[in-house]
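Worksheet: the structure to be examined is printed underneath.
The values are calculated or read from the model by the stated rules, or taken from the named source; none is laboratory data. In this text the structure is predicted, and so the values were computed from the model without any measurement. Positions of Cβ are generated from backbone atoms using ideal geometry, with glycine treated the same way; all protein chains shown enter the neighbour counts. Areas reflect the complete protein model, heavy atoms only, side chains present, ligands, DNA and RNA absent. Shrake-Rupley method; radii C 1.70, N 1.55, O 1.52, S 1.80 Å.
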Amino acid sequence: MYVIWIILAVGVVCFVTQTLFVASSQSRYVYHPDCTIVETPAAVGLAFEEVTLPTEDGEQISAWYVPAKVGGEDGAPTILFCHGNAGNISGR
């Protein structure tokens, strides 16, 4: 019976330690954007338009619109590309 209490106590200590570690380091998991634009689509010969999209909470999202052409003609589908957490669109 004593061994079960020791195992349970060690488990509780491990759980509390992991919980405290995650709670103290959670700021590292928050998105920290890099505002430096490295390159634009123009660097590879694409025409693009900078677009600002307003959000419901009053923020603004910056985006690039690169019109697609299929066989030299307009009218190709539009693709929404989300670059993910970290950096910015210029690095993707």
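State to the nearest 20 debye the size of the charge dipole of the chain about its Cα centre, where the only charges are +1 on K and R beta carbons and -1 on D and E beta carbons. Mind dumping the intermediate values first?
Details: 3 positive and 9 negative charges, 120 e Å.
With Lys and Arg at +1 and Asp and Glu at -1, about 580 debye.
Leaving out ligands and nucleic acids, and using a 1.4 Å probe, what accessible area per residue does the chain come to in Å²?
On the way: 8120 Å² over 92 residues.
I get 88 Å² per residue for this part.
I want to check the label-to-label distance for residue 17 and residue 60. Put each point 7 Å from Cα in the C-beta direction and report it in nm to one decimal.
4.9 nm
GNM on the chain, C-alpha springs below 10 Å: top fluctuator among 46, 20, 80?
Judging by the Gaussian network model, the answer is 20.
Amide H to amide H under 5 Å from residue 64: which residues, 5+ apart in sequence or cross-chain, H placed 1.01 Å off N in plane?
Result for residue 64 returns 51.
What stretch of the chain, leaving out the sites themselves, is the longest with no GluC sites (Glu not before Pro) in a DSSP loop having at most 13 other Cβ atoms within 10 Å?
1-38
Relative to the longest principal axis of the C-alpha atoms of the chain, give the angle of the C-alpha long axis of helix 2-24, reported between 0 and 90° and rounded to the nearest 10°.
Its long axis makes an angle of about 30 degrees.
Using the Kirkwood radius over Cα pairs, work out the Stokes-Einstein diffusion coefficient for the chain at 25 °C and 0.890 mPa s, in µm²/s as a whole number.
Working: Rh = 18.1 Å.
Stokes-Einstein gives a translational diffusion coefficient of 136 µm²/s.
Multiply the residue separation of residue 3 and residue 76 by 0.36 nm, subtract the distance between their alpha-carbon atoms, and state the gained length in nm to one decimal. Present the calculation step by step, with values, prior to reporting the outcome.
Details: separation 73, 0.36 × 73 = 26.28 nm, distance 6.83 nm.
Contour length minus Cα-Cα distance gives 19.5 nm.
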